[in-house]
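Structure, as structure tokens:
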Amino acid sequence: MICLAGVLIAAAANSPAAAQIQVQVLRGRIEAAAAQAPQPAETGLFVTEGGLRHTVTGDEYTMGQLHDRRLAGRLWELHGTPGPGGRFLVDKLFTIKDRQRFRVTYFCVVCNIRTHAPGRCMCCQDETELEELPEKP
Ligand SMILES: [Zn+2]
């Protein structure tokens, strides 16, 4: 009877809820020297408002936005989790203007297509326009 209780407690500790990783939020800027690195860069050096340095990484959309020269020096809010090798794995990111969050998008006026990575339109190959859309609070 005692043994059975021990097994039940062990099972509860291994439940998915207990293992869930907390999403962390970082606010800061991409270091200027890192922003000028050859593109596409797989990582970036991010300096928080508190002065902490993190090597950040993410998918091609995330890294494309963070290294977009038009957004150099901007304040970012990064949502993510600690990844392998001490890197911060970015899941969501926003630019911050006047304390409001904005989603970075790239829009082709010809095709009416909106995407999240800088570069040419996937359809007509024309240059897309950078547009930051306010995120609903
Ligand atoms: Zn297009």
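Got at least one residue in the stretch 99-110 being assigned to a loop (DSSP other than H, G, I, E, B), within 16 Å of the ligand (Cβ to nearest atom) and at pLDDT 95 or above? Yes, the conditions are met somewhere in the stretch 99-110. Go through (1) surrounded by fewer than 16 Cβ atoms within 10 Å (Cβ to Cβ); (2) over 24 Å from Leu130 (Cα atoms); (3) at pLDDT 60 or above for Arg27 and report which single condition fails. Condition (2) is where Arg27 drops out. For the stretch 112-134, enumerate the residues that are surrounded by 14 or more Cβ atoms within 10 Å (Cβ to Cβ) and part of a loop (DSSP other than H, G, I, E, B). Correct list: His116, Ala117, Pro118, Gly119, Cys121, Thr128. Looking across the stretch 61-82 at every residue that is charged (D, E, K, R) and loosely packed, with under 13 Cβ neighbours inside 10 Å, the one that is modelled with the lowest pLDDT is identified as Arg69. Restricting attention to the stretch 111-137 and to residues that are free of Cβ contacts under 8 Å to residues at least 40 places away in the same chain and more than 16 Å from the ligand (Cβ to nearest atom), the residue that is nearest to Glu42 (Cα to Cα) turns out to be Glu132.
The values are calculated or read from the model by the stated rules, or taken from the named source; none is laboratory data. In this text, all values refer to a predicted model and were calculated from it rather than measured experimentally. Reconstructed Cβ throughout: ideal geometry from the backbone, glycine too, with neighbour counts over all protein chains shown.
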